[in-house]
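Remarks on the structure that follows.
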Number of protein chains: 2
Amino acid sequence: MKLLIIGGVAGGASAATRARRLSETAEIVMFERGPDVSFANCGLPYHIGGEIKDRNKLLVTTPAKLHERFNLDVRVRSSVLAIDRTQKTVHVRELNTGREYDESYDKLILAPGAAPLRPSLPGIDLPGIHTLRNLPDMDRIKAIVDAGAKSAIVIGAGFIGLEMVENLIHRGVQTTVVELQDQVLPPLDREMTTPLAEVLAAKAKGVTLLLSESAEGFESADEEIVVQLKSGKRLQAPLVILGIGVKPENQLAIAAGLEVGPRGGIRVNEQLQTSDPDIYAVGDAIEVRDVISDSPTQVPLAGPANRQGRLAADHIFGKQVRYRGTQGTAIVGLFGKTAALTGASEKSLQRSGIPYRMVYIHPAHHAGYYPGAQAMALKLLFTPDDGRILGAQAVGGEGVDKRIDVIAVAIQAKMTVFDLEEVELAYSPQFGSAKDPVNMAGFVAANLLRGDHPQIDVAAYEKLAGDDQPFLLDVRTADEFNAGHIPGATNISIDVLRAHLDELPRGRDIVAYCQVGQRGYLATRILLQAGFRVRNLSGGYKTYLLWHPAEAK
Amino acid sequence: MKLLIIGGVAGGASAATRARRLSETAEIVMFERGPDVSFANCGLPYHIGGEIKDRNKLLVTTPAKLHERFNLDVRVRSSVLAIDRTQKTVHVRELNTGREYDESYDKLILAPGAAPLRPSLPGIDLPGIHTLRNLPDMDRIKAIVDAGAKSAIVIGAGFIGLEMVENLIHRGVQTTVVELQDQVLPPLDREMTTPLAEVLAAKAKGVTLLLSESAEGFESADEEIVVQLKSGKRLQAPLVILGIGVKPENQLAIAAGLEVGPRGGIRVNEQLQTSDPDIYAVGDAIEVRDVISDSPTQVPLAGPANRQGRLAADHIFGKQVRYRGTQGTAIVGLFGKTAALTGASEKSLQRSGIPYRMVYIHPAHHAGYYPGAQAMALKLLFTPDDGRILGAQAVGGEGVDKRIDVIAVAIQAKMTVFDLEEVELAYSPQFGSAKDPVNMAGFVAANLLRGDHPQIDVAAYEKLAGDDQPFLLDVRTADEFNAGHIPGATNISIDVLRAHLDELPRGRDIVAYCQVGQRGYLATRILLQAGFRVRNLSGGYKTYLLWHPAEAK
Ligand SMILES: Cc1cc2nc3c(=O)[nH]c(=O)nc-3n(C[C@H](O)[C@H](O)[C@H](O)COP(=O)(O)OP(=O)(O)OC[C@H]3O[C@@H](n4cnc5c(N)ncnc54)[C@H](O)[C@@H]3O)c2cc1C
Ligand SMILES: Cc1cc2nc3c(=O)[nH]c(=O)nc-3n(C[C@H](O)[C@H](O)[C@H](O)COP(=O)(O)OP(=O)(O)OC[C@H]3O[C@@H](n4cnc5c(N)ncnc54)[C@H](O)[C@@H]3O)c2cc1C
Ligand SMILES: CC(C)(COP(=O)(O)OP(=O)(O)OC[C@H]1O[C@@H](n2cnc3c(N)ncnc32)[C@H](O)[C@@H]1OP(=O)(O)O)[C@@H](O)C(=O)NCCC(=O)NCCS
Ligand SMILES: CC(C)(COP(=O)(O)OP(=O)(O)OC[C@H]1O[C@@H](n2cnc3c(N)ncnc32)[C@H](O)[C@@H]1OP(=O)(O)O)[C@@H](O)C(=O)NCCC(=O)NCCS
């Protein structure tokens, strides 16, 4: 068996090492265009920021070590230029020497990754405009920061863009973020990104966030870059970083006549075979099945890339495998805040036309009575009929990663919100709560589906106007009410509500709310049983403020 | 509907509030013998230790608030003395006044909890010997510490015992721990507790740990307590805390003729009804079904107690419910270390005669290249045939809670180790790894079951003697080998192994090992394919040191 692998990082290197473990006799050659294999892409921003001091730490392993330990033939600075499927060869150029040659294969794995998008805007190729994919990119950006750059412009507020902002600020670089959409971190639903926008705004002297704004062109001036924005604004800085997404490296595949999807991802079956069964493809370059929508998508993440590489090797060496699809579990840290998601977002469900219900809660990450409890906002999406979990998003501090991971497994297991009610998690005051946030989300969602706890979310509430306008009941204390409330609300504290039922309208919809939803729920129960038509505003005033951050004082 | 509830803390108060949400009209009376309801039992040690400064924080709510918000009739200092099932009444004594009365019920929930064990040893009732269950207990212990106690003796190294040790040390109290078994934290398998014993030993000046030792009697001397130990040793301190377990408060139930199990837990069905369908029981007082062994057990934990209380109320108010059993997910923090478990331990599987396989791994809690990665030891138990997860234990620092919670959900979902291979968790360098510890455990276990990765564990290895004695191959570097190795091992580094196959015995079993198992696995693959009979020592030298901590230097 002669196995060639194109691309030597997450997907490629994982396939190569797994292949060797499965077969001592296979001839395994791995081609990598760049100077390094097996590097920690995900660590690049943190070396620029100084968190990861030693550059060598980013090299998880080296060609020499892979040869020594795994008997792999690793060829760096070697670009595969073409695949000849009839001859079963690839055509390779040694970038250092210019030498070109063919190499034959029995099986071929494509793991070329995805390249940062560089839209064809005027001036896009000016020096000073950078993307970040590998160590040479990182070195170039770091050199500019090390040389004393005082400011930078990051275009795109996705995962990599935000990580760059954090790390540039760590280095004392004033950073302007330009994002086309009206929110940071577009994979999340907009309201869930409010805490991130706030933490950026809190870096008052360091970060400028420009939403609903885009770059239209670039010029050079004073050895810096001027970015022209759609609004007419002009920004100038010595360093511009593009973080607006990636596109699959599919040129080889297309030229070889392999199928690709509409957004460019190489098409593979559940065994990760392309339309040519001797050619596999893995990682950022491929189209995967979204486990929620069951439709093709592209999810450039390291975990899936690594596991796909392993599975491709498995299949080549005769194992039964089935890639289950990707659910898009992802996370980012930003100045001490954490945002994470798994499964579908509300907007992706809307795009796919999948019916859903949802709840918001705002639990503490561990028992409130133990010092240091940090609040998080947790949004849970599920099917309206049987409560199967479709997705979750959480934003907060500590403990966000844990809850999203727990729900990620629940999604994999096709669990329902009724299962979340019963989840038995580890509890001791510094680690969680007797009713963990995951249980709470389950309770609130299950109560909704059982009809015990009718809820309305902020967006739906705000769409009601005129005759549909409900009576809005704030059941918090007078102090809480006076510190800020939803316009038009009447305040009757939950603790005296039973005595004031005669002040509430019969025959008109009521929406109750409190700070996080819990007292609003109790009010809803009281009023329902007293014959009122009432719903609770899911997640309460805290969720309202996610939609209307400007109203927070 | 008139609902009486006996016990006003985790199970009882949760049932009461849930019942009110389900019915505004029910008459709900909750009896509590002590002065407080709804208090944070789990926080008691941390108020003694000073971590939770404000005693009021331990009162999650109060009778007055429960009355105001939930219209509950909460009667503290009210002990229920008897249940008359034919009259459907309970007999109550007001402890403050001595007044006694009967109260009738339609439905009754028993949530009396479990009382700390106080074995009938000579002198057990001496003042100075304390148990910790409620705020008055805590106040008494704290007063002794506040008064300047220099030393204390904690009998029992379970969850509460260890938490007391940590908190006493925080207060500068020299503490001796006496534990009957040969390990701390008996619910865990012994080797997994080694890091805890080490962290206790590291408090050289503060903690003395006496294992396989027990108290046989108590005397008073110099206004202190002298503890006589089985070994003949005598310890003296002004404060003795008993933390040797709890027993269900079943007297009322027994007197009323309700069924109890062999260890005293009140018997309930899946709807939490006792043998009298109008009487429910929840929490520490009951016998539950162990979800792994499917046999009755007692698991005194707050999460299950809370959820059972909620379910009992549900059933009373007409909902379909089914308590799924308890899997015993629990956690403890000890001087910065964390130990947690879910599902069955190895010894509990042995006790139940359930066949199992297991693996050990020693992953870092997040990407190794990002600063601050903390190692953990993770033990995964699963069925030999289909790989269904039976249990997991982890000991380390950060990230232990997350992995045990993830596996806890996997157990609930009846997932297999093959599912763990595919778990898609949130990865960014400060939160995890592209191949998370949970994936890694899945890989190692799945490789075992697929026959690709034969493994042997330390205990089994050490049982092999004489002709069965395998050739022991250490595939680490010479430096690692010289720094400490398993007696009898031959050192051939993994990186030169392929060139030294002729030095290995054919026709004799080989056991390979490295530091954590990963290189040993590769060696196993190389040797297997070269026709050797070889197994990898699961978890490598680090696991060996869990069994033989004295050999660590
Ligand atoms: C800055 C940054 C931060 C990230 N952070 C995270 C994170 O926190 N969490 C997360 O899950 N993911 C993160 N990712 C994404 C993650 O790194 C990728 O999903 C993963 O590396 C994809 O693996 P891959 O093998 O498909 O592609 P890559 O890792 O990109 O490897 C592909 C390799 O193939 C080589 N190649 C391409 N074409 C050829 C050719 N024709 N001939 C030879 N070689 C070729 C390329 O040079 C490249 O090195 C991050 C990515 C970046 C850039
Ligand atoms: C110090 C300590 C630390 C703990 N730490 C943890 C932890 O970290 N994690 C965890 O999961 N669990 C922990 N627990 C266990 C947890 O607190 C219990 O599992 C939980 O409280 C059980 O709830 P319950 O309602 O069954 O009983 P309890 O909470 O004990 O409440 C029962 C109440 O019933 C009252 N009562 C009993 N009989 C009568 C009667 N006849 N009449 C009137 N009242 C009566 C008692 O006074 C008692 O207050 C800890 C417990 C203690 C004591
Ligand atoms: C590191 C890399 C070369 C893969 O190498 P690898 O040998 O598969 O190493 P890993 O560290 O992933 O270990 C996984 C293997 O070791 C085994 N293993 C791990 N711990 C083990 C233990 N304690 N005992 C026994 N086996 C163990 C696993 O079973 C698995 O083997 P398998 O795939 O045959 O089941 C590749 O993932 C890579 O290049 N990574 C860096 C790039 C990258 O991922 N970038 C994106 C993220 S920043
Ligand atoms: C606090 C206590 C009285 C229970 O009160 P509770 O009203 O059930 O309150 P919780 O805080 O547990 O909240 C859970 C309820 O609020 C609802 N809820 C929580 N957050 C919500 C939100 N954001 N929006 C709407 N509803 C919410 C849940 O659905 C659940 O209601 P349900 O049971 O009807 O589904 C009881 O658990 C107790 O006494 N605890 C302290 C003792 C203890 O547990 N000790 C051991 C651990 S230290």
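Derivation of every value follows stated rules applied to the coordinates shown; laboratory data play no part. Source: prediction; values computed, not measured. Note: ideal-geometry Cβ built from the backbone for every residue, glycine included; neighbour counts use all protein chains shown.
Compared with the dominant Cα axis of chain A, that is its longest principal axis, helix A:159-170 is turned about 90°. Between the amide H of residue B:435 and any residue lying 5 or more places away or on another chain, no distance stays under 5 Å, with hydrogens modeled in the peptide plane.
Using 1/(1 + (r/R0)^6) with R0 = 22 angstrom and r between the beta carbons of residue A:490 and residue B:68, what's the FRET efficiency to the nearest 0.05? So, using R0 = 22 Å, E works out to roughly 0.65. Between 0 and 90 degrees, the angle of helix B:518-529 with respect to the longest Cα principal axis of chain B falls at about 50 degrees. Per residue, the average separation of C-alpha pairs within less than 8 Å and at least 6 apart gives segment A:129-244 a relative contact order of 34 percent.
Long-range amide H contacts for residue B:453: which residues qualify at under 5 Å (H placed 1.01 Å from N, peptide plane, sequence gap of 5 or more or a different chain)? Correct list: B:448.
Between residue B:27 and residue B:140, the FRET efficiency from the beta-carbon distance, with R0 = 41 Å, is close to 0.70.
Applying the criteria of a DSSP loop state and at most 15 other Cβ atoms within 10 Å to the GluC sites (Glu not before Pro) of segment B:253-311 yields B:259, B:270. Rounded to the nearest whole Hz, the Karplus-based 3J(HN,Hα) values (6.51 cos²θ - 1.76 cosθ + 1.60, θ = phi - 60°) of segment A:274-282 follow the sequence 6, 5, 9, x, 8, 10, 9, 9, 9, with x at glycine and proline. Per-residue mean of foreign Cβ neighbours for A:17-24 is 3 (Cβ atoms of other chains, 10 Å radius). Relative to the dominant Cα principal axis of chain A, helix A:400-412 is inclined by about 80°.
Dividing the mean sequence gap of close Cα pairs (under 8 Å, 6+ apart) by how many residues segment B:191-274 holds gives a relative contact order of 13 percent.
Working ranking of peptides B:178-188, B:135-145 by packing, defined as the average number of other Cβ atoms within 10 Å per residue, highest first, is B:178-188, B:135-145. Per residue, the Cα convex hull of segment A:455-551 amounts to 85 Å³. Between copies, the label points at residue B:77 (set 7 angstrom from Cα along Cα-to-Cβ) are spaced 8.6 nm, reported in nanometres from shortest to longest. Using a cutoff of 8 angstrom between alpha carbon atoms and counting only pairs six or more residues apart, the relative contact order for chain A works out to 11 percent. Partners of residue A:53 within straight-line reach, counting aspartates and glutamates whose Cα lies under 14 Å from its Cα and excluding those fewer than 8 residues away in the same chain: A:139, A:146.
Taking segment A:238-258 and a reference point 7 angstrom along Cα→Cβ of residue A:295, no backbone N atom is nearer than 17 Å.
Less than 5 angstrom separates the built amide H of residue B:176 from those of B:152, B:153, B:154, B:208, all sequence-distant by 5 or more or on a different chain.
Listed by chain and number, the aspartates and glutamates whose alpha-carbon sits under 13 Å from that of residue A:57, ignoring those within fewer than 8 places in the same chain, are A:36. With Cα atoms as the point set, the protein assembly as shown shows a radius of gyration and Dmax of 31.4, 101 Å. Legend: P(r) of chain B from all alpha carbon pair distances, 20 Å bins from 0, whole percents, reading 19, 47, 28, 6, 0.
Shielding value for A:520-533 is 2, the average number of Cβ atoms from other chains within 10 Å of each residue's Cβ.
What the phi angles of segment B:183-199 give under the Karplus curve with 6.51, -1.76 and 1.60, with θ = phi - 60°, is a coupling list of 7, 7, 6, x, x, 7, 5, 4, 4, 6, 8, 4, x, 6, 4, 5, 6 Hz, glycine and proline written as x.
Per residue, chain A reaches -7500 deg cm²/dmol at 222 nm when only DSSP H runs of four or more residues are counted, each adding -39500 (n - 2.57).
Judged by the mean number of other Cβ atoms found within 10 Å, the most tightly packed of the peptides B:152-158, A:77-83 leads the ranking B:152-158, A:77-83.
Treating r as the C-beta distance of residue B:208 and residue B:499 and R0 as 51 Å, the FRET efficiency rounds to 0.50.
The packing ranking, built from the mean of other Cβ atoms within 10 Å per residue, places the peptides B:507-517, B:491-501 in the order B:507-517, B:491-501, highest first. Could you please state, rounded to a whole Å, how far the C-alpha centre of segment A:234-269 is from the C-alpha centre of segment A:105-139? Between the Cα centre of segment A:234-269 and that of segment A:105-139, the gap is 8 Å.
Computed about its Cα centre, the charge dipole of segment B:455-551 is approximately 320 debye, with only Lys, Arg, Asp and Glu carrying charge at their Cβ. Please work out whether segment B:336-450 counts as rounded, prolate or oblate from its C-alpha gyration tensor, where a ≥ b ≥ c are the square roots of the eigenvalues and a/c under 1.5 means rounded, while otherwise a/b larger than b/c means prolate and anything else oblate? Cα axes put segment B:336-450 in the prolate bin. Applying 0.36 nm per residue to the separation of residue B:385 and residue B:216 and subtracting their alpha-carbon distance, the gain on full extension is 56.2 nm. Counting Cβ atoms of other protein chains within 10 Å of each residue's Cβ and taking the mean over peptide B:49-56 gives 2. The distance from the alpha carbon centre of segment B:271-346 to that of segment A:354-432 is 20 Å, rounded to a whole number. A 22 angstrom limit on the alpha carbon distance is what I want to check against. Which of A:203/A:402; B:402/B:435; B:65/B:319; A:435/B:319 exceed it? The answer is A:203/A:402; B:65/B:319.
The alpha carbons of segment A:129-244 stretch over 38, 29, 27 Å along the principal axes, in descending order. Note on residue A:529 and residue B:350: their simple-model spin labels are 5.2 nm apart, each label 7 Å out from Cα toward Cβ. Segment A:484-550 and segment A:161-200 have Cα centres separated by 33 Å.
In chain A, taking the dipole from charged Cβ atoms about the Cα centre, the farthest positive-side position among A:17, A:195, A:372 is held by A:17.
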